[in-house]
Amino acid sequence: MPRLPAREVLGAIATGFAEFPTPLRDEPADGPIGWPGYREARASAEERTGEKESVVCGTAKIGDVEAVLIAFEFGFLGGSLGQRTGDRVEAAFAHARDARLPVVSLIATGGSRMQQGMRALMQLQRVARASALTRASGIPQISVLRDPATGGGWATLGAGADVVLALPEAQVGFAGSRVRPEGSPEAYTAEAKLGWGQVDAIVDPAALGATLERWLRLLTTRSSAAAPPPAALRPAPLPSTGWEAVQAARAPERARAHEYLDAYFEWRADISGDRVGGVDPGVACGFGWRDGRTIAYAAQCGTPTLPAGFRTAARLVRLASRLGLPVLTLVDTPGAANDAAAEQAGVGGAIAAMFEAVATAAIPVTTLVIGEGGSGGALAFAAAESTWVTPDAYFSVTSPEAAAAILKRPASEVPDIANQLHLRPQDLVDLGVARAVVSPAR
């Protein structure tokens, strides 16, 4: 797709853009290391683009939400990061903190400016520090990966944002096209990064403004009140036995996580991936709009939860906690994945990360058990003293089948073991595991 100039991109997604009057530092005409021809290259870039540097920074409204925008101009020396780029980006983040405004970075860069040597590379430290200070202030950051998004721009503003969006077929990677190993060009695409859990969504350029408006509304509308538990979506009697509870939770017609999320929210937006190479399609995480406020969600969708699922959910809870947004979790899993691949991927550490995220959250977490609650893999998603359960769900220390295997009892005794585990919804209330059994909405 064509590489649009920075100001054209800004004009397409925002209104009222006002550029910061950031002064340009004095530097030798040939740059800090006297690179031959640098003076002429800069002059040519200025004439060609009409810009004084490789990045344009200012404030604007995207929809009704005011934000700080950082837009790279690829036509200016490949959107490379130099000393003056660092000055502008640092000032933009400082303004965001002072004005309490979210930050949107529109990235199109080949990386650090080679003609400035280590002075250019050191700008990554400045950018990373400015971003981290802003993150610690509870201000959300969104990055949009244009084409290309490589080198330090990807490894700081791009990959380090709270929500990472990308344009279709954008080139994304730490190594630029001229220095990467031959072969596997598909690995350096936005689509590959989405599949590997490093990008949240691919967005069509025509929909970018509307998508950013929704995300900014979600991430900036705060509320300290806990999320109310959803109502049950299917009328169901309480089970008479533990085995009846297990069968009800495993029934194909029982309502699933996406049905609950669709019924609970007016609209929502998903995040995707654990940022370290994994995606679990059996875990849905994101932010939803309900009754004029934002509620974050992490929902198990009925499959064994993979390490990537726990890490994505932990990422969601930590982000919501930092932004002051309540969280709803939905429990529905036979348990954590326990095969060799899960062990190699660090399932124990991933579960621990989710336990820690929920336990240390600075915001209220509400849990509804909507199906199977299988052992620690389910409990990691559950909030202590703030868990509810539907009539067609159960929660157990382990599955009845696993309990039979552990106790070396025959499969014929599985129904009796289910009864002995006290896993019915009403048992969970009696045991203090759940606060109540939810009823269908009237």
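The values are calculated or read from the model by the stated rules, or taken from the named source; none is laboratory data. The model shown is predicted, which means the values in this text are computed figures rather than measured ones. Backbone-built Cβ (ideal geometry, glycine too); neighbour counts: all protein chains shown.
List the residue pairs whose Cβ atoms are under 6 Å apart, where the first residue sits in segment 139-166 and is at pLDDT 90 or above, the second is outside any strand (DSSP E or B) and among the acidic types (Asp, Glu), and the two are 6 or more positions apart or on different chains. What qualifies is 140/162; 141/162; 163/200; 164/200. For the residues 162, 200, 204, 147, the requirement of being surrounded by fewer than 18 Cβ atoms within 10 Å (Cβ to Cβ) and of a type in the set (D, E, K, R) singles out 204.
Is it true that some residue in segment 68-88 is within 24 Å of the chain's Cα centre (by Cα), assigned to a loop (DSSP other than H, G, I, E, B), β-branched (Val, Ile, Thr) and on the phi < 0 side of the Ramachandran plot? No, the conditions are met nowhere in segment 68-88. Residues that are of a type in the set (Val, Ile, Thr) and in contact with a Leu (Cβ under 7 Å, 6 or more places away or on another chain) within segment 120-138 comprise just one, 127. Of the candidates 296, 201, the single residue that is among the aliphatic types (A, V, I, L, M) and touching a residue at least 60 places away in the same chain (Cβ under 8 Å) is 201. Scanning segment 139-157 for residues that are of a type outside the set (Lys, Arg) and in contact with a Leu (Cβ under 6 Å, 6 or more places away or on another chain), which turns out farthest from residue 211 (Cα to Cα)? Result: 152. Per the conditions (1) more than 27 Å from the chain's Cα centre (by Cα); (2) part of a helix (DSSP H, G or I); (3) in contact (Cβ under 8 Å) with a residue 60 or more places away in the chain, the sole criterion not satisfied by residue 218 is (1).
Being more than 21 Å from residue 160 (Cβ to Cβ) and surrounded by fewer than 16 Cβ atoms within 10 Å (Cβ to Cβ) narrows it down to one residue among 94, 18; which is it?
Values: 94 fails: more than 21 Å from residue 160 (Cβ to Cβ).
After applying the criteria, what remains is 18.
Residues in segment 254-285 that are of a type in the set (A, V, I, L, M, F, W, C) and either surrounded by fewer than 18 Cβ atoms within 10 Å (Cβ to Cβ) or in a loop (DSSP other than H, G, I, E, B) (or both): 255, 263, 265, 267, 276, 279. Taking the listed residues 335, 324, the one that is at pLDDT below 95 and surrounded by fewer than 23 Cβ atoms within 10 Å (Cβ to Cβ) is 335, with no other qualifying. Of all the residues in segment 390-415, those that are in contact (Cβ under 8 Å) with a residue 40 or more places away in the chain and not small (Gly, Ala, Ser) number 9.
The single condition among (1) part of a helix (DSSP H, G or I); (2) touching a Phe, Trp or Tyr at 6+ places or on another chain (Cβ under 9 Å); (3) at pLDDT 95 or above that residue 116 does not meet is (3). Within the span defined as segment 379-389, one or more residues are touching a residue at least 60 places away in the same chain (Cβ under 8 Å), in the same structural domain as residue 252 (by TED's automatic domain parsing), within 20 Å of residue 296 (Cβ to Cβ) and touching a Phe, Trp or Tyr at 6+ places or on another chain (Cβ under 7 Å).
Kindly establish whether residue 199 is over 20 Å from residue 80 (Cβ atoms), within 23 Å of the chain's Cα centre (by Cα), at pLDDT 90 or above and assigned to a strand (DSSP E or B). For residue 199, the condition - over 20 Å from residue 80 (Cβ atoms), within 23 Å of the chain's Cα centre (by Cα), at pLDDT 90 or above and assigned to a strand (DSSP E or B) - is not met.
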